[in-house]
1. Which one of the conditions (1) over 18 Å from the mean Cα position of the chain (by Cα); (2) on the phi < 0 side of the Ramachandran plot does Lys29 fail to meet, given that it meets all the rest?
2. Go through (1) surrounded by fewer than 20 Cβ atoms within 10 Å (Cβ to Cβ); (2) part of a loop (DSSP other than H, G, I, E, B); (3) in contact (Cβ under 8 Å) with a residue 24 or more places away in the chain one by one and return the number of the condition Phe104 breaks.
3. Does Ile227 count as assigned to a loop (DSSP other than H, G, I, E, B), of a type in the set (Val, Ile, Thr), closer than 26 Å to Thr90 by Cβ and at pLDDT 95 or above?
4. What are the residues in region 305-331 that are acidic (Asp, Glu) and in a loop (DSSP other than H, G, I, E, B), if any?
5. When region 60-92 is examined, which residues are found to be of a type in the set (A, V, I, L, M), in contact with a Ser or Thr (Cβ under 7 Å, 6 or more places away or on another chain) and either loosely packed, with under 15 Cβ neighbours inside 10 Å or more than 23 Å from Thr126 (Cβ to Cβ) (or both)?
6. Note down all Cβ pairs under 6 Å where the first residue falls in region 209-231 and is in contact (Cβ under 8 Å) with a residue 40 or more places away in the chain, the second is surrounded by fewer than 20 Cβ atoms within 10 Å (Cβ to Cβ) and part of a loop (DSSP other than H, G, I, E, B), and they're at least six residues apart or on different chains.
7. In region 295-304, what residues are in a loop (DSSP other than H, G, I, E, B) and either within 23 Å of Asp193 (Cβ to Cβ) or free of Cβ contacts under 8 Å to residues at least 24 places away in the same chain (or both)?
Amino acid sequence: MLTDSSILVTGGTGSFGHTFVPMTLAKYKPRRLVIYSRDEMKQWEMAKLYGHDDRVRFFIGDVRDKDRLSRALNGIDYVVHAAATKIVPTAEYNPFECVKTNVFGAMNLIDACIDQGVKRVVALSTDKASSPSNLYGATKLTSDKLFIAGNSYAGGNDTRFAVVRYGNVMGSRGSVIPFFLSLADKGILPITDARMTRFMITLEQGVDLVWHAFGNMVGGEIYVKKIPSIKVTDVALACVPTASHDIVGIRPGEKLHEQMIGSEDAPHTYEYDSYYKVLPAIHNWSHDPVRIDSGAPVAPDFTYCSDNNTEWMSIASLKAWVEENRHSIGKI
């Protein structure tokens, strides 16, 4: 599907873009792959990695700027929407800015994609959008709803929208693993709560899920990959086994456990071998046999949370992953 196509990634200089771009170039050989973002320095640094490849283009722009988006999307077939204000405390203390990027930016992208005749759009979401307890999660839930509704908003146009949702990305910039590793020489790691659990997914798995969504989507689906959970105390032990732990308390807006699918979505959720699919309640789409395909309905009280997960990552497994990927952890 993506072979010989034109693809644009919003927020493409982030952790996801740095993994999506080389993987997609290698597997699908697109005609053009456009990085759309507002940080010229990050674009300049990333461009040095692809100076020999004229398929990779860079476009300075902000998702808040609808006119700029429309220009960038000219001739684009597929879009991955990765741009967002993501840091929970940053969103809590800068709420207007978070809404402008995560909500108004989503609206701008939906309009521009429809107007420019983009074929398919996959938006990246987060566990925090499920039963949100902070502003970041609330804006991403709103964004998810906008992209889902975009399929009917498109009217007679052929543009289709879907969402992929996943939790903590292992080793990404600003996440817990590089944070713990940066404190290795201190001998003490701050732990918010000893009971805390998190989902764990690699960037490569995230890219695979986006590829799957592009090939599988009819429009309006939320894809949730099955991934393991781990206790935050076990993450600390895997990263710095000799460090002691200092319980510092949960930050404003932070959850004790991550949730990908809440009970309110259970009536519209279907299970597959390696993922779940939440279908839209609007227009009776959750009962559409084409969208359901081979999926099996989950239990009426089903939730997918990091504390009730059936799959858990061991300390040894995470430690081995950290050692294998130490050179790249926290770099992108």
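1. Failed condition: (2).
2. Phe104 satisfies every listed condition except (2).
3. In short, yes.
4. Asp307, Glu311
5. Ile76
6. If the second residue must be surrounded by fewer than 20 Cβ atoms within 10 Å (Cβ to Cβ) and part of a loop (DSSP other than H, G, I, E, B), the pairs left are Phe214/Met1; Gly215/Met1; Lys226/Ser274; Pro228/Glu311; Ser229/Asn309.
7. Thr303
Rundown of residues vs (1) surrounded by fewer than 15 Cβ atoms within 10 Å (Cβ to Cβ); (2) at pLDDT 95 or above; (3) over 24 Å from Val121 (Cα atoms), yes/no style:
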position	(1), (2), (3)
Val210	no, yes, no
Phe214	no, yes, no
Met217	no, yes, no
Thr233	no, yes, yes
Ala238	no, yes, yes
Ile250	yes, no, yes
Glu254	no, no, yes
Tyr270	no, yes, no
Tyr276	no, yes, no
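The values are calculated or read from the model by the stated rules, or taken from the named source; none is laboratory data. Remember, it's a predicted structure, so these values are computed and weren't measured experimentally. Note that we place each Cβ from the backbone using ideal geometry, even for glycine, and neighbour counts take in every protein chain shown.
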